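See structure below.
Rule-based calculations on the coordinates, nothing more; no lab input. Note that this is a predicted model, so its numbers are computed, not measured. Positions of Cβ are backbone-derived with ideal geometry, glycine not excepted, and every protein chain shown enters the neighbour counts.
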Amino acid sequence: MNYSPTEMMTIAAARALSDNDVCFVGIGTPSAACNLARLTHAPRIVLIYESGTLETKPNVLPLSIGDGELSETALTTVSVPEMFRYWLQGGRITTGFLGGAQIDRFANLNTTVVGPYAKPNVRLPGGGGAPEIATSCGRIFIVMAQSKRSFVDKLDFVTSLGFGKGGDDRAKHGVNTQGPTKVFTDLCVLEPDPKSKELMVASLHPGVAREQVVDATGWPIKFAAKVGETPLPTAKELQVLRELYARTEAAHGEAA
Amino acid sequence: MNYSPTEMMTIAAARALSDNDVCFVGIGTPSAACNLARLTHAPRIVLIYESGTLETKPNVLPLSIGDGELSETALTTVSVPEMFRYWLQGGRITTGFLGGAQIDRFANLNTTVVGPYAKPNVRLPGGGGAPEIATSCGRIFIVMAQSKRSFVDKLDFVTSLGFGKGGDDRAKHGVNTQGPTKVFTDLCVLEPDPKSKELMVASLHPGVAREQVVDATGWPIKFAAKVGETPLPTAKELQVLRELYARTEAAHGEAA
Amino acid sequence: MATFVSLAEAVEANVKDGDKVAMEGFTHLIPFAAGHEVIRQQRKHLTLVRMTPDLIYDQLIGMGAADKLMFSWVGNPGVGSLHRFRDAYEKGWPRPIEIEEHSHAAMANAYEAGAAGLPFATFRGYRGAELKRVNPNIKEIVCPFTAEKLAAVPAMKLDCAIVHAQRADRAGNVMFEGIVGVQKEAVLSAKRSIVTVEEIVDDFGERSPNAVILPGWTLSAVVKVPGGAHPSYAHGYYKRDNAFYKAWDAIARDRDSFRAWIDEHVLGKGPDAFAAHARKAA
Amino acid sequence: MATFVSLAEAVEANVKDGDKVAMEGFTHLIPFAAGHEVIRQQRKHLTLVRMTPDLIYDQLIGMGAADKLMFSWVGNPGVGSLHRFRDAYEKGWPRPIEIEEHSHAAMANAYEAGAAGLPFATFRGYRGAELKRVNPNIKEIVCPFTAEKLAAVPAMKLDCAIVHAQRADRAGNVMFEGIVGVQKEAVLSAKRSIVTVEEIVDDFGERSPNAVILPGWTLSAVVKVPGGAHPSYAHGYYKRDNAFYKAWDAIARDRDSFRAWIDEHVLGKGPDAFAAHARKAA
């Protein structure tokens, strides 16, 4: 069955989730991955969106973090201050999702600016929930397409902490959550080296050569001692994901 | 028409309230006074109980601060942390009510202990909401029966701040609300001297002699230059108050 | 993740000797049935936390379950003293009890900070109040922007929170209505929690999108105990038994009449006895 | 105390040149109609505050109403950049705009502290994040009990908060349902406030005892503007106009097409135009 690299990325992320997860979900691919997991192997996964919606089960993917669909299908909806205080800072989230315009080898992320902060070449949206998601969730999954423009040697700005300068630098910032344990791209899955915390290729998506990953990374990327191959998307996974997107497309086309 | 000193005290307190007041109401006489005001001359008065009930309109007086009647007749009910943070500390209350086992000449109150704190002769209930009600409300009305045991030269413990040591001592504690502007007793109404902040008799209830007040006060009580006479309870006031108590009595006698 | 168990199992698994335990409910929804089970299981050395220690703590303290009481207002609301507490505190019967005393604002903020995972709570409080002289857990912090001095207290950290609610669904989610007090914050401040409920429903059905609900995965045990808040009340179910609150004054004034009451109504009974008080409003 | 007035009167009385104003609504209930009125009344030098500056601020900024933007995420959700904001910030058109940037947690906590009357908010945040290097309003405080270092930001203090809600009653009380965001906190952080609503009802009738309601006496002006949140949405009334959010990208990309859109849809219209989007779910 044919599939796109983005579908592979989404499916790989979905598979890493289980019924035991309480996810802080972002818009876009994370939202697709979390709902794919919920609609396939993890029906009891708890999805929380920062708009205050607890245990939401959207039938279509939200375009914004606060679409009506999220509240209508939620167990309940709390205020945004409560969401950030009791639920995120309270340490109740097992897995947070992040992405960004730029990532470095220690999985720090930039979604703030390209160029200098005071006079940027491109002003990006900024951190939103990311600075505290990055440190408060039990672990972080990062989902982003891989290219030399996005996988950079040095970030223009550190919007949210990954492993800082590597090693135990994360702990030095007073952070004792795990941080980014997996990075899902359209080419491969990366995981931090247990000691140095530098991202290494853990598995290549089917048909992807090492050189493609090297060429799409702005630093000399390392490979794990034993690099696996990401299992192919199943027909079921592709079907559920595509139906989800089709429903979403139909719903978002509608004017109010 | 006959009336009791307690009725006079309650009615005098009720009269001092208006439609512009947002009251933080305590159980007992304050609750009777606030609801009497609401049922007579101040139908738009806003009553808030610390149990979280906003704009409540109880048909009977609550026995406890969290009786079901309060929530059932409220505009809405918020959590207790929200009540103390957004509503009390937020500075939205115009008038708070307090009472106590002991009061001193500067309207400081004790509801904590008789005797030393660590080894009290009588352990009283403690402050509850009083320490922050005393400082966060625009002004404080104190309602308590007057006797040498309760109007004392020196408090055993300062549960909540009135005017501290008098003069501008309240401001020295970082408090810029008005504090106790009136004390309603079963004998008279007291108000603080504008400068020294010592309580002085502003009006005597009908039939009360100055000597009675002197005898019921544990310090040499001062009288204002012009001491008024508290107007007699009207038939309407007494009727409404007595009906309120009768409804309350009937309701609280019921077992669940 | 909430499991549905018996009340005996819930207390057995979640309340240990020496624990810091809060049984909360601001007049409303006080978990009396669960408190009685703690008495039956003879827990000792508890630190009992409650804004308004009510009859439920008078009973626990009178049975010697607690070494310490943390509170902000201790009494029988609208009636008078808690005689068993005073006997323990003033005369050491049946055992001495230590106190840590706060204001309501401090306790409410401490619960809020506990739920928020913070180490302390800050508020504009205790100004000119003497409690800060006698309680070393009241400190001062300075606003880094305005230099205003504010009060600080440690965030609430509980071993176990015990609360009562109206309804749970089959997934163990619990919905609270009416005076919700600090129940949510108490549960979120605790390592373990027990929620007793009036009924278990297939699902909550039509409700406000902003209903006060604790997800099942935030709870340890959910137990159906109809009437379990009596003599407190359950909004939409049964009323506060004000007559019992008044009657308690005489029962608790005397050590023997207190023990006789406990023997008959707590030690000699189980949670099913509360069903007699259960009722659902039309 | 809330007064019922026209939208023009509400903005005239409550939004002044140079004010610090928040038009809040977390995707949901964004007060577009009121924002358009602020454009029509040509307010200048505003400090605009919003967690997620949305199309509403793109429109205000594109018309030169703001000197400063305080925010935590600036973009067209799920679509891309806010071109008018970027044009102002990167190229100074139609006038330069200053920014104060925070995280969502910081903004949410700042609103909460503002509502609570505190001078600052504290939270476990910004660890390892570079924003604290470039924003002097992010400071550190130390827990007096554990010595843990936490982040602090000033509490929100607004001149005016503008929000949209589903319903007001005749007393001017306002009820919010669904994603309630920081609206309540924004209003309680502000000296003045305007609430536009879908409808005004005699009373709210049957509702949760814990419904999210702001009493009329906490508000300055209540205005009925059916459809007033469009292209945002009103839970229980009409859906988010996602197609318009997508279309905005092209409209706002170009200065001329933007001005043409404003001329036609804002300057050439009044709040009644929003009624076309109003709808009540069955």
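Summary table below
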item	result
Segment B:211-249: GluC sites (Glu not before Pro) falling in loop per DSSP and having at most 13 other Cβ within 10 Å	none
Proximal charge balance of B:ASP193 [Cβ under 15 Å; K/R count +1, D/E count -1]	+3
Per-residue ³J(HN,Hα) for segment A:154-168, Karplus 6.51 cos²θ - 1.76 cosθ + 1.60, θ = phi - 60°, Hz, x for Gly and Pro	9, 5, 6, 7, 8, 6, 9, 7, x, 10, x, 9, x, x, 9
J(HN,Hα) series, segment C:221-237, from Karplus relation 6.51 cos²θ - 1.76 cosθ + 1.60, nearest Hz, glycine and proline x	9, 10, 10, 7, 9, x, x, x, 9, 4, x, 6, 9, 10, 3, x, 10
Residues with amide H under 5 Å from that of A:LEU47, placed H, sequence gap 5 or more	A:CYS23, A:GLU55, A:THR56
Cα-based shape type of segment C:141-282, given that a ≥ b ≥ c are square roots of the gyration tensor eigenvalues and the cut on a/c is 1.5	oblate
Approximate shape of segment B:5-255 as ellipsoid semi-axes (Cα gyration tensor, √5λ), whole Å, largest first	27, 22, 18
Filter on C:LYS139/D:LYS139; B:LYS119/B:LYS195; D:LYS157/D:LYS224 - keep pairs with C-alpha separation over 28 Å	B:LYS119/B:LYS195
Closest approach to the axis - chain C beta-carbon, rotation onto D, Å	C:SER208, 2
Base-10 log of normalised Debye intensity for the protein assembly as shown (one unit scatterer per alpha-carbon) at q = 0.05, 0.07, 0.09 Å⁻¹	-0.33, -0.65, -1.05
Nonlocal amide H pairs with D:LEU158, under 5 Å, H built at 1.01 Å	D:ALA190, D:LYS191
Global form of segment D:1-133, assessed from the alpha-carbon gyration tensor, a/c cut-off 1.5	oblate
For B:THR76, residues with placed amide H under 5 Å, excluding near neighbours	B:LEU54
Sites A:TRP219 and B:ASP168, calculated FRET efficiency, Cβ-Cβ separation with R0 60 Å, nearest 0.05	0.35
Contour minus Cα-Cα distance for C:LYS224 and C:ALA260 (0.36 nm per residue)	10.2 nm
Loop trypsin sites (Lys or Arg not before Pro), segment C:174-282, which have at most 12 other Cβ atoms in a 10 Å radius of their Cβ (DSSP)	C:LYS280
7 Å along Cα→Cβ, label-point gaps from C:HIS265 to other copies, nm, shortest first	6.6
Segment C:194-282 - percent relative contact order, Cα under 8 Å, separation 6 or more	35
Teacher prompt: C:ILE200 distances to equivalent labels in other copies, 7 Å Cα→Cβ, nm	5.0
Rotation relating B and A, chain A residue nearest the axis via C-beta, angstrom	A:GLU82, 5
For chain B: relative contact order, % (alpha-carbon pairs under 8 angstrom, 6 or more apart)	19
Quotient of Cα Rg and 2.2 N^0.38 Å for segment A:96-244, N being how many residues it contains	1.06
A:VAL213, C:VAL142, C:VAL197 arranged by Cβ crowding within 10 Å, fewest neighbours leading	C:VAL142, A:VAL213, C:VAL197
Other protein chain Cβ atoms within 10 Å, averaged over every residue that makes up A:84-97	6
From phi via Karplus (6.51, -1.76, 1.60), per-residue ³J(HN,Hα) for segment C:246-258 in Hz, x at Gly/Pro	5, 5, 4, 3, 6, 4, 7, 5, 10, 4, 5, 5, 4
Helix-only [θ]222 nm of the protein assembly as shown, DSSP H runs n ≥ 4, -39500 (n - 2.57) each, per residue, nearest 500	-7000 deg cm²/dmol
Ascending list, in nanometres, of distances separating the B:THR73 label from those of the other copies (7 Å, Cα toward Cβ)	4.4
Local electrostatic count at B:THR111 - Lys and Arg +1, Asp and Glu -1, tallied over other residues with Cβ under 12 Å	-2
Percentage relative contact order, segment D:1-66, counting C-alpha pairs under 8 Å, at least six apart	35
Mean Cβ count within 10 Å, highest first, over the residues of peptides B:124-135, A:128-139	B:124-135, A:128-139
Three-way shape call for chain D based on the alpha-carbon gyration tensor, with the a/c threshold at 1.5	oblate
Inter-centroid distance (Cα atoms) of segment D:69-108 relative to segment C:114-186, Å	35
Neighbourhood charge, 15 Å Cβ-Cβ cut-off, centred on B:HIS173 and excluding it, Lys, Arg +1 and Asp, Glu -1	+3
